[in-house]
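Here is the structure we will look at.
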Amino acid sequence: GINAEYGRGSKDNRNLHLAMEGVIKEGTKAAEGVSKSDMMKRKLAFESKKKKLKNLKHFVSTDRLCVRNMPAPFTEEQLKKLMSKYGHVIQVKIMRDIKQANSQGIGKSRGFGFVQFSKPAAALAALRAVNNNPDVFSPQKRPIVDFSIENSTILKAREKKGPREQGKLGEGQKRPEKKSFNLRWQEKRHKRQEERKLAGSDEKKAKPEMPPQQHAEKKKKPAKKKKRTKLEGEKEPKPENITTPGEKKKPTKKQTPAAEAPVPSDSRANKKKTKSERPAKKQKREKNEVEEKQFQKLVSNYKDRLGSGGAEKSSFKKWYDED
């Protein structure tokens, strides 16, 4: 069995002796009248249990039961009432699908849940009484009850966060109803919207609107800066702007007419002048031709001089020349 397959020596630290509680095999007396769908669910649950117990961090709980094959309309109150006959129930939880919630924000039941007792003996008594009982739900859909498989690492993490609320409530006290996921999400959304509104109002208070007089003063400030630059320029005038006592002062930039305005260096008029001042291609050609003629003239003069000197030499006869 599971004890021999997954046990470690004689000590049973993981409560493996409780793993076979609630298991019903085909062909046994307990399997009589069980539907095929219920037997298939029991097989799958047993295989899942064996797979989990291969991990040494998982163990079998002694006081917490897992109840499967529950009908959809079965509530936590009905489950607690059913299990309270066998002992004091600390916690009841039915797993639900939040995506398929009703108008009240309660999710659709997934068909299984958990029940925790204050004592292990009460949990064992409830398992043996409710498991495979045809009078609880229906003969064709019987409850499948076994001890829950727990993870030691998760339980240790919960203990570090804080004490569990299981032992805090007395017998006469009722546990406050837990809000559904949809209701919690709506509350958080409403809270975020209020925080944004408050943050926006605080920003408006921190930056109050300025009166119109201050806006006018701000607009006038750049004009004052321009005047200051003009005054600095007038104090230190350029040499060209200095006038003699008889001459009239030149008008300022504002008073200068458009005709007397200085033409910038990059204007079109200056560009035209520079183009006209440059030598054209024809002028260059004529200059080259003149230089060529002068050179040819010098060459011809030099040849003439050489030719005149050669005629004198030819008229002079040497002693060996015949008459």
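Given R₀ = 41 Å, FRET efficiency for K11-K85 by Cβ-Cβ distance, to 0.05? That gives a FRET efficiency of 0.75.
Remark: region 31-155 carries a charge dipole of roughly 400 debye about the Cα centre, counting +1 on each Lys and Arg Cβ and -1 on each Asp and Glu Cβ. Each of N182 and S48 was given a label point 7 Å from its Cα along the Cα-to-Cβ line. The distance between the two points is 2.5 nm. Rounded to the nearest 20, the size of the Cβ-charge dipole of region 1-101 about its Cα centre is 340 debye, with Lys and Arg at +1 and Asp and Glu at -1. Normalised Debye scattering of region 45-90 at q = 0.17, 0.26, 0.28 Å⁻¹ gives log10 I(q)/I(0) of -0.70, -0.99, -1.05, counting only Cα atoms as equal scatterers and leaving out solvent. Cross-link pairs exceeding 27 Å between alpha carbons, from the set K11/K57; K49/K179; K54/K156; K119/K160; K119/K161: K49/K179.
Work out the FRET efficiency for K25 and E77 from their Cβ-Cβ distance, taking R0 = 41 Å, and round it to the nearest 0.05. So, using R0 = 41 Å, E works out to roughly 0.75.
Every number in this text was worked out from the coordinates using simple rules, so none of it is lab data. Here the structure is a predicted model, which means the values were calculated and not measured. Note that each Cβ is placed from the backbone with ideal geometry, even for glycine, and that neighbours are counted across all protein chains shown.
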